[in-house]
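Engineer: There's a structure below that I have some questions on.
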Amino acid sequence: MNDNPFYEDDLEVRNRPEPCTLVIFGATGDLTHRKLVPALYNLAEEGDLPPGLNVIGFARREKTDEEFRSDLEDLNRKLSRRGHQDALWGPFSKSIFYHQSEFQDVEGYKRLAERLDQLDREGGSGNRLFYLASAPEFFDDILTNLREAGLNQQRENGWSRVVVEKPFGIDLPSAKHLNQIVSDTFPERDTYRIDHYLGKETAQNIMVLRFANSLFELLWNNRCIDHVQITCAEHLGMEGGRGGYYDKAGALRDMVQNHLLQLLSLIAMEPPADLSADGVRDEKVKVLKCLRPMVGEKAVAENVIRAQYTAGNVNGEPVVGYRREDRVNPGSMTESYVALRIMIDNWRWEGVPFYIRMGKRLPKKSTEISIHFKHAPKVLFNALPGAEAAPGNVLVIRIQPNEGISLGMRSKLPGPAARLQPVKMDFEYQTAFGGSGPEAYERLLLDAMAGDATLFARDDEVEQAWAFIDEIENAWHKSSNPPPMAEYPAGSWGPKEADLLLKERDHQWRRL
Ligand code: BG6
């Protein structure tokens, strides 16, 4: 507890969401249904929403406010984290409205402007939060028309901000183009690029673990850390028609460019000067600038493995191979798995490999980061039975599920014989706090309403990450001698080629 009487107030003020009208573009889409509306409902249930919040769903289909509310109610019943109470939904849904328009039709935006003014006259706050949750090909039209209708302008009686969903471009040129049209419409300080991994409690806790404890940061460098592994395993494949999107993206663009490079940046960054959005993001960008580029087929073949799943079994169920999935090209060269060895060329991390792997149709859903410390000197205990098998010190940050942090170490097995045994100290969110806290989207919506962009990606962060990813994509898709596509049976831990990536240093993927 800080005894400074202003301290808590200050924190509160910084994080207090302000009343606004939230306009969701793509209001009949999957993201609105699965994430945004349940997140808003849960916030309402916890009493965290600012009073006077209005929500306008903007989409192409014809619908009345009542029909829209009733569709959302059905979905919320199924998807809300905290269940669904009619008594709460009733008043909550009264502030939800529907606005029908084509994304390309500027007249629809002019009508939207009138509607927003009308809501403000009826007691609305004057603040507007525009959320781009549509398919990305409409972002350009939406931003242009917001501008044409004057909806981007800052007014005396309220702010206007924009939230942009991923994917933020498909490569560096498209990300730059999108950044350009966003910045033609809203200043960077009013732009919130979503990366929902940053909203996860466990990801937010990385900075606290490192910079609020004296123990770890002293060891957090190439003198003590041997290597780092970041694993994101998913058991799902291409359910719900996702194949169409995914086959154009692939694991590298879908997860590594954004979520996993964000986790890597949080692990590798220097302590920020302060906790302001730019203080934190300045340090993350520096990490991305220091990623050793993989230029050309040879560098990519040596440091990156791509693979597709073949038919197999997941959770006891037979599943088809990637190329037989719905909406996937039968001759597809899109990776459903990727493993990388990344080097960070800066003072702190010289010589420390960061291994990243991500795959669909692996045996289970699990995301974790493991920090592998260097071994103790080989004198004394390393000749003892069990020493070889007992790994050294490994700090594991479990992002999801079973959120927590554990520290593995070696212990003497009780008894007369001198024998080493691996043991661990374990912190579980469930045990310590009764759970891991709000859903990522809940936190991120509140932050956008509060004007705090710390957990959102900045323009230069996104571009820097794409610059790194583009070199790999180019070697795969634009070169005359592209590195091969490996295979792994669905339900396995990925292709054997990914093990070879670690062999050179005698490392092994951690078993999850
Ligand atoms: C999304 C990706 O951004 O993140 C999906 O497009 C992926 O392919 C999802 O499954 C994973 O998110 P989470 O929160 O379930 O780990």
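The values are calculated or read from the model by the stated rules, or taken from the named source; none is laboratory data. Keep in mind the model is a prediction, meaning the values are calculated, not measured. In this analysis, Cβ positions are derived from the backbone assuming ideal geometry, glycine residues included, and neighbour counts consider all displayed protein chains.
Engineer: Would you mind stating whether Leu198 is within 16 Å of the ligand (Cβ to nearest atom), outside any strand (DSSP E or B) and crowded, with 21+ Cβ neighbours inside 10 Å?
Structural biologist: On the way: within 16 Å of the ligand (Cβ to nearest atom): yes; outside any strand (DSSP E or B): yes; crowded, with 21+ Cβ neighbours inside 10 Å: yes.
When the stated conditions are applied, Leu198 passes them.
Engineer: Follow-up. Is it the case that some residue within region 380-397 is under 23 Å from Met255 (Cβ atoms), surrounded by 16 or more Cβ atoms within 10 Å (Cβ to Cβ) and within 16 Å of the ligand (Cβ to nearest atom)?
Structural biologist: Yes, there is a match, as at least one residue in region 380-397 is under 23 Å from Met255 (Cβ atoms), surrounded by 16 or more Cβ atoms within 10 Å (Cβ to Cβ) and within 16 Å of the ligand (Cβ to nearest atom).
Engineer: In region 415-443, how many are more than 16 Å from the ligand (Cβ to nearest atom), in a loop (DSSP other than H, G, I, E, B) and touching a strand residue (DSSP E or B) at 6+ places or on another chain (Cβ under 9 Å)?
Structural biologist: Within region 415-443, residues that are more than 16 Å from the ligand (Cβ to nearest atom), in a loop (DSSP other than H, G, I, E, B) and touching a strand residue (DSSP E or B) at 6+ places or on another chain (Cβ under 9 Å) number 2.
Engineer: Let me ask something additional. Are there any pairs with C-beta distances below 6 angstrom linking a residue in region 254-270 that is within 16 Å of the ligand (Cβ to nearest atom) to a residue that is at pLDDT 95 or above and acidic (Asp, Glu), with the two at least 6 apart or on different chains, and if so which?
Structural biologist: Within 6 Å, the pairs are Asn258/Asp195; Gln262/Asp195.
Engineer: Still on this structure, I have one more. Strands (runs of 3 or more DSSP E) wholly in region 250-330 with at least 3 residues that are closer than 23 Å to Asp499 by Cα - which ones?
Structural biologist: Values: elements: 304-310, 312-314, 317-319.
Once the strands (runs of 3 or more DSSP E) in region 250-330 are filtered for at least 3 residues that are closer than 23 Å to Asp499 by Cα, what remains is 304-310, 312-314.
Engineer: Any idea which of Leu215, Leu146 is under 30 Å from Gly437 (Cα atoms) and either touching a residue at least 60 places away in the same chain (Cβ under 8 Å) or not in a strand (DSSP E or B) (or both)? Please lay out each step first, then the result.
Structural biologist: Working: Leu146 fails: under 30 Å from Gly437 (Cα atoms).
When all the criteria are applied, what remains is Leu215.
Engineer: Residues of region 201-212 being within 16 Å of the ligand (Cβ to nearest atom) and either without any contact (Cβ under 8 Å) to a residue 24 or more places away in the chain or of a type outside the set (Val, Ile, Thr) (or both), which ones? Reasoning before the result, please.
Structural biologist: So in region 201-212, the residues within 16 Å of the ligand (Cβ to nearest atom) come out as 201-206.
Within region 201-212, Glu201, Ala203, Gln204, Asn205 qualify.
Engineer: Related question: Considering (1) touching a Gly at 6+ places or on another chain (Cβ under 9 Å); (2) among the small types (Gly, Ala, Ser); (3) under 18 Å from Ile399 (Cβ atoms), say which one Gly243 fails and leave the rest.
Structural biologist: Just one mismatch for Gly243, condition (3).
Engineer: Taking the conditions exactly as written (surrounded by 15 or more Cβ atoms within 10 Å (Cβ to Cβ), of a type outside the set (Val, Ile, Thr) and touching a residue at least 60 places away in the same chain (Cβ under 8 Å)), does Leu75 satisfy them or not? Before you say what the answer is, go through the steps one by one.
Structural biologist: Working: surrounded by 15 or more Cβ atoms within 10 Å (Cβ to Cβ): yes; of a type outside the set (Val, Ile, Thr): yes; touching a residue at least 60 places away in the same chain (Cβ under 8 Å): no.
Taking the combined requirement at face value, the residue does not satisfy it.
Engineer: May I ask you to list the residues in region 153-195 that are of a type in the set (Phe, Trp, Tyr) and either assigned to a strand (DSSP E or B) or crowded, with 18+ Cβ neighbours inside 10 Å (or both)?
Structural biologist: Narrowing region 153-195 to residues of a type in the set (Phe, Trp, Tyr): 159, 168, 186, 192.
Answer for region 153-195, where residues must be of a type in the set (Phe, Trp, Tyr) and either assigned to a strand (DSSP E or B) or crowded, with 18+ Cβ neighbours inside 10 Å (or both): Phe168, Phe186, Tyr192.
Engineer: Of the numbered conditions (1) within 16 Å of the ligand (Cβ to nearest atom); (2) not in a loop (DSSP other than H, G, I, E, B), Asp141 fails exactly one; give the number of that condition.
Structural biologist: (1)
Engineer: Among the residues of region 213-225, is there at least one that is more than 16 Å from the ligand (Cβ to nearest atom) and among the small types (Gly, Ala, Ser)?
Structural biologist: First, the residues of region 213-225 that are more than 16 Å from the ligand (Cβ to nearest atom): 213-225.
Of the ones still in play, those that are also among the small types (Gly, Ala, Ser) are 214.
Yes, there is a match, as at least one residue in region 213-225 is more than 16 Å from the ligand (Cβ to nearest atom) and among the small types (Gly, Ala, Ser).
Engineer: Right, something else. State whether one or more residues within region 303-315 are free of Cβ contacts under 8 Å to residues at least 60 places away in the same chain and surrounded by 16 or more Cβ atoms within 10 Å (Cβ to Cβ).
Structural biologist: Applying the first criterion (free of Cβ contacts under 8 Å to residues at least 60 places away in the same chain) to region 303-315 yields none.
Checked region 303-315: no residue is free of Cβ contacts under 8 Å to residues at least 60 places away in the same chain and surrounded by 16 or more Cβ atoms within 10 Å (Cβ to Cβ).
Engineer: Restricting attention to region 453-482, and to residues there that are surrounded by fewer than 20 Cβ atoms within 10 Å (Cβ to Cβ) and assigned to a loop (DSSP other than H, G, I, E, B), which single residue is nearest to the chain's Cα centre (by Cα)?
Structural biologist: Thr454
Engineer: Does Arg511 satisfy the criteria of being within 23 Å of Cys232 (Cα to Cα), free of Cβ contacts under 8 Å to residues at least 40 places away in the same chain and surrounded by fewer than 18 Cβ atoms within 10 Å (Cβ to Cβ)? Quick ask: steps written out before the conclusion?
Structural biologist: Values: within 23 Å of Cys232 (Cα to Cα): yes; free of Cβ contacts under 8 Å to residues at least 40 places away in the same chain: yes; surrounded by fewer than 18 Cβ atoms within 10 Å (Cβ to Cβ): yes.
Here the answer is yes, as Arg511 does meet what is asked.
Engineer: Regarding Arg155, is this residue more than 16 Å from the ligand (Cβ to nearest atom), of a type in the set (Lys, Arg) and free of Cβ contacts under 8 Å to residues at least 40 places away in the same chain? Talk me through it step by step, then tell me what you get.
Structural biologist: Numbers: more than 16 Å from the ligand (Cβ to nearest atom): yes; of a type in the set (Lys, Arg): yes; free of Cβ contacts under 8 Å to residues at least 40 places away in the same chain: yes.
Yes; evaluated as a whole, the condition is true for this residue.
Engineer: Moving on. Just a yes or no: is a residue in region 200-216 more than 20 Å from the chain's Cα centre (by Cα) and among the small types (Gly, Ala, Ser)?
Structural biologist: Start the filter on region 200-216 by keeping residues that are more than 20 Å from the chain's Cα centre (by Cα), which leaves 211-216.
Those still in the list that are among the small types (Gly, Ala, Ser) too: 212, 214.
There is at least one residue in region 200-216 that is more than 20 Å from the chain's Cα centre (by Cα) and among the small types (Gly, Ala, Ser).
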